[in-house]
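The values are calculated or read from the model by the stated rules, or taken from the named source; none is laboratory data. Because the structure is a prediction, the values reported are computed rather than measured. Glycine also receives a Cβ, built like all others from the backbone with ideal geometry; neighbour counts cover every protein chain displayed.
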Amino acid sequence: MRFLRALRLDDSDDEIYPRAATAGEWVVPGTFAFTFGERPPEQLDSGEQAAFRHGFLGLNSFGWSTLAVVVEMPEAEHRQVLESLARHFVEAYGAPDMEAALVEARGEVAFCESLCTPDINTVLSVQRDFVDGEVKEAFRVHRPKSESDWESAPVFRIVPETGGEP
């Protein structure tokens, strides 16, 4: 089965988010963090706003990642992800018990899995907005370039002088 892992290209997530996800940890979209929250998105501080606008939620650190990559997930880790997310719903959002929390966790995990239809190693990003009292989100797919794409797009181009002094 496929799932998403946090992708860190640099340390910028550490500067942007209140807590950054660790590279390689399992992530979900995490929109529930803003719909279950006590404050509407427009009342969030700048780091929380960044997480709302562009973050995937890590399932170990419960920090945020700007990018996620589609990978294969072993079945045993799938169960761990469900249990970890359900515990988080109980501890952080007041779910009445693990049974109720597992229902919500299964929904979030199923949604995440539905995003993983592109090829393995495809990178995803998210854009969220708060429109008319509702969270709207769009996911963008960033496919790896093929070798032929790199060959047709040179890094530098030499431009001949057209006269005059340098």
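Exactly one residue out of 113, 108 is among the acidic types (Asp, Glu), in contact with a strand residue (DSSP E or B) (Cβ under 9 Å, 6 or more places away or on another chain) and closer than 22 Å to residue 18 by Cβ, and it is 108.
Residues checked against (1) surrounded by 23 or more Cβ atoms within 10 Å (Cβ to Cβ); (2) under 23 Å from residue 136 (Cβ atoms); (3) of a type in the set (Asp, Glu):
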site: 4; (1), (2), (3): yes, yes, no
site: 9; (1), (2), (3): no, no, no
site: 18; (1), (2), (3): no, yes, no
site: 22; (1), (2), (3): no, no, no
site: 26; (1), (2), (3): yes, no, no
site: 47; (1), (2), (3): no, yes, no
site: 71; (1), (2), (3): no, no, no
site: 76; (1), (2), (3): no, no, no
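Taking the numbered list (1) part of a loop (DSSP other than H, G, I, E, B); (2) modelled with pLDDT of 95 or more; (3) small (Gly, Ala, Ser) in turn, residue 95 passes all entries but (2).
Look at (1) surrounded by fewer than 19 Cβ atoms within 10 Å (Cβ to Cβ); (2) in contact (Cβ under 8 Å) with a residue 12 or more places away in the chain; (3) out of contact with any Lys or Arg (no Cβ under 9 Å at 6 or more places or on another chain); (4) of a type outside the set (S, T, N, Q) and you find that residue 62 fails only one, number (3).
When you go through 97, 13, 45 one by one, which is the residue that is in contact (Cβ under 8 Å) with a residue 40 or more places away in the chain and among the acidic types (Asp, Glu)?
Numbers: 97 fails: in contact (Cβ under 8 Å) with a residue 40 or more places away in the chain; 45 fails: in contact (Cβ under 8 Å) with a residue 40 or more places away in the chain.
One residue alone meets the criteria, 13.
Here 33, 51 are screened, and the one residue that is out of contact with any Leu (no Cβ under 7 Å at 6 or more places or on another chain), closer than 24 Å to residue 107 by Cβ and either modelled with pLDDT under 95 or not in a loop (DSSP other than H, G, I, E, B) (or both) is 51.
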